[in-house]
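Here's the structure we're looking at; comments come further down.
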Amino acid sequence: MSFKDLPIMQDKKKGVLLFYPYVSKKSGLNVKKKLAGRWLGQGPMVDKFENEFRKKFAKNCSVIATGSGTDSLHLAYILAGLKKGDEVITTIFTCTATNIPMLYMGLKIKFADIEIETMNISVQSVKKLITKKTKAIVCVHYGGLPCDMDELRSIAKKNNIILIEDAAHALGAKYKGKPIGGLSDFSTFSFQAIKHFTTGDGGILTIKNKKLEDKAKRIRWFGIDRKKKQQGIWKNDVHEVGYKYQMTDIAATMGCDSLKEFNQIIKHRKKIYKTYLNELSKNQKVKCIHDFDKKKSHGAWLFTISVNNKDFVQKKLRDHNIETNQVHFRNDRYSIFKKYVKGKKFPNMDYLENRYLVLPLHHKVSVKDARYISELVNKYAK
């Protein structure tokens, strides 16, 4: 069996899984109550979730709850005024969800290389890609580590272009003491099953320009003004093409419960992250994907290492019932993006492609587990 084709580990008592969904203990009871009520789709719980999220992560922004992180990204690109043929600079290394909505819209994707130390978008690569046709930069806070936001914001301001943060990994991360979620024109979050906490599936879009809030809410629901509709005014017109991108009250119920427990969620994840960092960073054969810059507070969604013998280490960890993997891949490996990378080079991505490996990090991983996993990595890394 190829090391690259290790099957997903099944949930079992012995072993450590790469991911495990976090669901608040109260959610089961509260979702059951919600299922017995009137509002199952978008209703008052969505409003409550938006308000609670705003208070915690994006006090000076409009907050729009959606059906997924991908929905949020698509809405952000639409609200940014991006049009067919516009150039958008984005990272070569991310979930395809970051860039697929650009294909829906006929945007011209300009892929930037990543930094070897952090796997975040390379500021120097971004600078080289700027043209008069560049309309937006999309950065991804890989694993929960904030990008170099001062430099990216400076580039965006200098060139009068939109900056959009894909913060799917970065709930709870901070930059200069401020939560990721309100630093740029638009920020998007994901509550898909394996994120910090889950709403089954769901997302959030934060918007700096509050004048766009009403438009965002219309586009989220077919282009219809729900307030007017709920007031019984059925003659209200639909002026713009919308989508069915709203969150449900069932999902929002789960979200509200998990927000109450978020501090303990992130505290545990950071404890595990720090354990890995302490145990592995002294080994010269293991490179921890991390940034010790004090401006950046890691959101601890992923802990990633780089080793020269990645396949061997992964296989040895699996022999000990420890699941690891490469969670995201370079986007130019997919046929849908091939025309945007012809003749382009990504040396840092090339270097890391067969070296990076993600270790288990979630609420079921203990400090003892992290130390044991680190011991094995230190033993087998060459």
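The values are calculated or read from the model by the stated rules, or taken from the named source; none is laboratory data. Here the structure is a predicted model, which means the values were calculated and not measured. Cβ placement follows ideal geometry from the backbone for every residue including glycine, while neighbour counts extend to all protein chains displayed.
Can you find even one residue in segment 81-92 that is at pLDDT below 95, surrounded by fewer than 22 Cβ atoms within 10 Å (Cβ to Cβ) and charged (D, E, K, R)?
No.
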Looking at segment 157-185, which of the residues that are closer than 26 Å to residue 328 by Cα and of a type in the set (Gly, Ala, Ser) is nearest to the chain's Cα centre (by Cα)? 168
List every residue pair whose Cβ atoms sit under 6 Å apart, with the two residues 6 or more apart in sequence or on different chains, where the first one lies in segment 147-158 and is under 22 Å from residue 173 (Cα atoms) and assigned by TED's automatic domain parsing to the domain that holds residue 91 and the second, anywhere, is assigned to a helix (DSSP H, G or I) and modelled with pLDDT of 95 or more. 148/123; 151/123
Being surrounded by fewer than 19 Cβ atoms within 10 Å (Cβ to Cβ) and of a type in the set (D, E, K, R) is the filter here, so list the residues in segment 321-354 that pass it. 332, 333, 338, 339, 342, 344, 345, 350, 353
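Look through 239, 298, 290 and report the one residue that is assigned by TED's automatic domain parsing to the domain that holds residue 41 and not small (Gly, Ala, Ser). Let's see the steps before the verdict.
Values: 298 fails: assigned by TED's automatic domain parsing to the domain that holds residue 41; 290 fails: assigned by TED's automatic domain parsing to the domain that holds residue 41.
Of the residues listed, the single one that is assigned by TED's automatic domain parsing to the domain that holds residue 41 and not small (Gly, Ala, Ser) is 239.
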Those residues that are in a loop (DSSP other than H, G, I, E, B) and either over 25 Å from the mean Cα position of the chain (by Cα) or farther than 18 Å from residue 205 by Cα (or both), I need them from segment 22-56; list them, please. 22, 23, 24, 36, 37, 38, 39, 40, 41, 43
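Table: residues versus (1) more than 21 Å from the chain's Cα centre (by Cα); (2) farther than 15 Å from residue 116 by Cα; (3) assigned by TED's automatic domain parsing to the domain that holds residue 109; (4) part of a helix (DSSP H, G or I).
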residue: 311; (1), (2), (3), (4): yes, yes, no, yes
residue: 314; (1), (2), (3), (4): yes, yes, no, yes
residue: 345; (1), (2), (3), (4): yes, no, no, no
residue: 350; (1), (2), (3), (4): yes, no, no, yes
residue: 354; (1), (2), (3), (4): yes, no, no, no
residue: 363; (1), (2), (3), (4): no, yes, no, no
residue: 370; (1), (2), (3), (4): yes, yes, no, yes
residue: 376; (1), (2), (3), (4): yes, yes, no, yes
What are the residues in segment 69-89 that are assigned to a strand (DSSP E or B) and more than 19 Å from the chain's Cα centre (by Cα), if any? 87
Looking at the structure I just gave you, is residue 162 at pLDDT 95 or above, surrounded by fewer than 24 Cβ atoms within 10 Å (Cβ to Cβ) and within 30 Å of residue 364 (Cβ to Cβ)? no
Could you check residue 244 against (1) within 20 Å of residue 200 (Cα to Cα); (2) surrounded by 13 or more Cβ atoms within 10 Å (Cβ to Cβ) and say which number it fails? (2)
Has segment 27-36 got at least one residue that is hydroxyl-bearing (Ser, Thr, Tyr) and at pLDDT 95 or above? no
Please report, ordered by residue number, the helices (runs of 4 or more DSSP H) entirely within segment 186-298 with at least 1 residues that are among the small types (Gly, Ala, Ser) and more than 17 Å from the chain's Cα centre (by Cα). 213-220, 249-260
Just to be sure I understand, how many residues within segment 328-342 are assigned to a loop (DSSP other than H, G, I, E, B) and touching a residue at least 60 places away in the same chain (Cβ under 8 Å)? 4
